Amino acid sequence: MRPAARTRDDRGLSTVEVVILAPVMMLFILVLVAFGQLVDGRGAVDSAARDAARAGSIQKDPATAMREARRVAADDLANVCSGPVSVVQTSTGFNPKVDPFFTVEVSCQVRGLAMLGLDIPTHLSASFSSSLDPYRRSA
């Protein structure tokens, strides 16, 4: 008669385990997704910096180069950033004899952990250089 009493005492135990562990597991999955978005954001910002530098390096004049670099970076980061995209030229000029590279720094605020309700600002930036094309476009 003792074993029957013991099985009755264990009833509902797995339900309690599920009720306790399910929210913990769901939170763990949400954290993984949030950090995945941060990694994806880092890759997107790096890629946007590369594309912006290349788009600017093939232009004929500095104003057009920065305009194209900003356009390309904004297009690349449209679904990644939660705010404006900043593109700043960090190279010294636009003369291949003085500085043969067109360097830009791209930065923006990515969503990241905001999906969990954590208001932690995540500002990512990346820099990339592209050599000035000797056969640049002629307007």
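The values are calculated or read from the model by the stated rules, or taken from the named source; none is laboratory data. Just so it is clear, the structure is predicted and the values come from calculations on it, not from any experiment. Every residue, glycine among them, receives a Cβ derived from its backbone with ideal geometry; neighbour counts consider all protein chains shown.
Scan region 110-127 and tell me whether some residue there is in a loop (DSSP other than H, G, I, E, B), at pLDDT below 95, hydrophobic (A, V, I, L, M, F, W, C) and surrounded by 13 or more Cβ atoms within 10 Å (Cβ to Cβ). No - not one qualifying residue is present in region 110-127. When restricted to residues that are assigned to a loop (DSSP other than H, G, I, E, B), crowded, with 17+ Cβ neighbours inside 10 Å and modelled with pLDDT of 85 or more, region 90-103 contains 1. Taking Ala22, is it modelled with pLDDT under 95, in contact with a Phe, Trp or Tyr (Cβ under 9 Å, 6 or more places away or on another chain) and on the phi < 0 side of the Ramachandran plot? Taking the combined requirement at face value, the residue does not satisfy it. Please work out if Ala48 is under 30 Å from Gly93 (Cβ atoms), surrounded by 10 or more Cβ atoms within 10 Å (Cβ to Cβ), of a type in the set (A, V, I, L, M, F, W, C) and more than 15 Å from the chain's Cα centre (by Cα). The answer is no for Ala48. Of the residues making up region 52-89, those that are assigned to a helix (DSSP H, G or I) and within 17 Å of Val110 (Cβ to Cβ) are Ala52, Ala73, Ala74, Asp75, Asp76.
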